[in-house]
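First the structure, in the form of structure tokens, and then the observations on it.
The values are calculated or read from the model by the stated rules, or taken from the named source; none is laboratory data. No experiment lies behind these values; they were computed from the predicted model shown. All Cβ positions, glycine included, derive from the backbone under ideal geometry; neighbour counts span all protein chains shown.
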Amino acid sequence: MADTVLYEVSDGLATITLNRPEAMNALNIATKVALRDAARAAADDTAVRAILLTAAGERAFCVGQDLKEHVGLLAADREAAGEGRTMSTVREHYNPIARALVEAPKPVVAAVNGVAAGAGFGFALAADFRVVADTASFNTSFAGVALTADSGISWTLPRVIGPSRAMDLLLFPRNVRAQEALELGIANRVVPAADLRGEAEKVARGLAEGPTVAYAALKESVAYGLTHSFSETLEKEDELQERAGSSEDHTIAVQAFVNKERPKYSGR
């Protein structure tokens, strides 16, 4: 894995760190490949019970596509008469990254330390819970470089803030500061910048110690309910409750409740 993305697993928590602070964690090809591979590894590893997505440095979480690299790739496309090949990055990188985070059968926490723009905003929204520094901001950015939405943001943003507000931010890109992000629901928690990593790790580690099967079912049920009828969603809830109810963690939780003890979940 490239050193532009760091990956570590400890006590059930996978920490993925974007590590190009000198470039505001912009996404060049090497970084996109490494992030895709790390997100897939964390999602697929049964020993991982929660994922923390974070970034190095203080200025930026991720400013999206590395436009310095991008302009060179566009020029190469034109010279090779291969117009459009550069944009295959959506299919090859952005889509798999967003899919791995959204569909991971475990909670994903994003620690947003600074600017989250374009795909960086999209990947933050792909998390289930966002802890945001009070110095951070969000910007869709796409229209500003004559592009449409990617990284799943056309799916996630309307669900978080509603379609009307989402179109506003997409058509008229601007910086959404931390406090406004909290009011809109983009941020789940805003903390002082100096406390961000500790607070985000506390949230993520708490989830890593929780009932993983139930968390996976909760993610699946909410995603399903957003695109299906009430009747269909009731059927899905029945199916998922059967799964959660047969888990080892459910038995542990019930026994702990009866014994007035704190449950120690296995994640199974």
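Residues in segment 27-48 that are touching a residue at least 40 places away in the same chain (Cβ under 8 Å) and in contact with a strand residue (DSSP E or B) (Cβ under 7 Å, 6 or more places away or on another chain): how many?
Of the residues in that region, 5 qualify.
If you take the residues in segment 101-112 that are within 9 Å of the chain's Cα centre (by Cα) and part of a helix (DSSP H, G or I), which one is surrounded by the fewest Cβ atoms within 10 Å (Cβ to Cβ)?
102
I need a count of the residues in segment 1-16 that are surrounded by fewer than 18 Cβ atoms within 10 Å (Cβ to Cβ) and outside any loop (DSSP other than H, G, I, E, B).
Residues flagged as surrounded by fewer than 18 Cβ atoms within 10 Å (Cβ to Cβ) and outside any loop (DSSP other than H, G, I, E, B) within segment 1-16 amount to 5.
With 47, 42, 38 as the choices, which residue is assigned by TED's automatic domain parsing to the domain that holds residue 73 and closer than 25 Å to residue 87 by Cα?
Answer to the check: 38.
Would you point out which residue out of 194, 124, 143 is crowded, with 16+ Cβ neighbours inside 10 Å and assigned to a helix (DSSP H, G or I)?
124
Would you please name the residue that is farthest from the chain's Cα centre (by Cα), looking only at residues in segment 170-189 that are surrounded by 20 or more Cβ atoms within 10 Å (Cβ to Cβ) and either β-branched (Val, Ile, Thr) or more than 23 Å from residue 15 (Cβ to Cβ) (or both)?
Looking at residues that are surrounded by 20 or more Cβ atoms within 10 Å (Cβ to Cβ) and either β-branched (Val, Ile, Thr) or more than 23 Å from residue 15 (Cβ to Cβ) (or both), I get 176.
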